[in-house]
Amino acid sequence: MHIMEGYLPVTHAIGWTAATVPFLGYGIKKLGAQLRKHPENRLLLGASTGFVFVLSSLKIPSVTGSCSHPTGIGFGTTLFGPGIMFVSGFVVLLFQALLLAHGGLTTLGANTFSMAIVGGLVAWGVYRAGATLRLPFALSVFLAAMLSDLATYVTTSLQLALAFPDPAGGFAASAVKFLSIFALTQIPLAIIEGLLSVFVMNLLRAHAAQQLAALSIPAAQSSTKTNP
Amino acid sequence: MKRQNILLLLACVAITVAPLLFIKSGDEKKEIFTGADGQAEGVISKISPDYKPWFEPFWEPPSGEIEGLLFGLQAAIGAGLIGYCIGFYRGRGAAKE
C-alpha cells in the first residue's frame, strides 16, 4: 500500500497530507491522555505498535503471484480505539519512508491516511459492530483486523485512481486496474493478519487478563491457568 | 487457547506456502512474487507515460542486502516489543502464584 515517493501529483500530496493532519493531532492527544492517566498501559501500547512493526515488515506471497504485506493496525485498535493507532501507523510509515525508501515523505500523508486512518476507523467500526451483534470475541477481532487490512489496500487503489485516471475509462477503469493489483493480492494476507491478531490477543488474554479487563476486553471463557 | 494458537499459526503457514507451491511462472525469465507496490508503479507508467516523479527519496538502501537488514531490524523491534510485554505479564503472573 506504499505509494512511492514522488508518485502523487503535488496537489494530491498536499491534499492527503492536509486530510491526515487533524486525525494525527487527535491521535497524539489520545496517546498523551492515555500515557498520563494509565501509565501502566505503556507495555500494551508498545506491543500494539510492535505488532504494526512486525506485520508491515512481512512481505508475504499471494495467490496473484505477487507479494504484499499486512498492516497490523487492527490489533491495537481493538485495545485502544482508533486514535492511538493513527500515531503508531504514522511512526512505522515514517521509519519505512526514511530508512527503506518504501513510500516517501511526499506520499506520507496519503499512506498514513490509507493505512492508519482508514485502517483504524474500519477496524474500530467492525469491532464495535461485532460487539453489538454479540459475535464471539475472537471472531470480532479477526474480522476487524482482516477488514481493516483490506480497506487500507482498497483506499490506496482509489487514491492512485484519483491521481491517475485512465485516459479512456477515467477514474473507474483506473480503479479497477489498481484494485486488481492490490485488493486481490491482499485477500489471503488480510486473512493472515486476522489470524495473527487473534493469536496475539489469545496470548494476552492468557497472561494479562487484568490489564485487558481495564480496557474492557472480555476474559477468555475457558480457565486459562498460566502454569504449564 | 494453546491448541487454538497452534492451529492459527499452522493456518498462517499454509496460506503463505500454498501460493509458493501452486503458482509457477509461465515464462522462465519473468520473475514472480514481486512487490505489489512496484507493480502499481508499472500501471502508473502505462496510464500516464509522461508522469515524472517529482521527488526522490533522500536516502535509499544501497543494495538488496541492506534493505533486508533494515526490514529485519523493523521486524526485530516489533517482535521485541511484543515479546517483552507478554513475557513481563507472564512472569508477573507466575510470581504471584
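Please give the average number of partner chain Cβ atoms lying within 10 Å of the Cβ of each residue in A:196-202, rounded to a whole number.
Working: counts 4, 1, 3, 8, 5, 0, 5.
Average per residue, whole number: 4.
Compute the FRET efficiency between residue A:134 and residue B:10 as 1/(1 + (r/R0)^6), taking r as their Cβ-Cβ distance and R0 = 22 Å, and round to the nearest 0.05.
Details: r = 28 Å, r/R0 = 1.29.
Efficiency for this residue pair is about 0.20.
Across 10 Å bins from the origin, how do the percents of Cα pairs in the protein assembly as shown run, short distances first?
Cα pair-distance distribution for the protein assembly as shown, in percent: 6, 26, 35, 22, 9, 2, 0.
Go ahead and estimate [θ] at 222 nm for chain A from helices alone: -39,500 (n - 2.57) per DSSP H run with n ≥ 4, summed, over the residue count, rounded to 500.
So the helix-based figure for chain A works out to -23500 deg cm²/dmol.
When you count, for each residue, the other Cβ atoms within 10 Å and take the mean per peptide, how do A:146-158, A:13-25 rank with the highest first?
Ranked by mean Cβ neighbours within 10 Å, highest first: A:146-158, A:13-25.
Which entries of A:177/B:52; A:30/B:96; A:177/B:24; A:37/B:96; A:30/A:177 show an alpha-carbon separation above 27 angstrom in the structure shown?
Violating the 27 Å Cα-Cα cut-off are A:30/B:96; A:30/A:177.
All of the numbers you see were taken from the coordinates with simple rules; none came from a lab. If you're wondering where the values come from, they're calculated on a predicted model, not measured in any experiment. Positions of Cβ are backbone-derived with ideal geometry, glycine not excepted, and every protein chain shown enters the neighbour counts.
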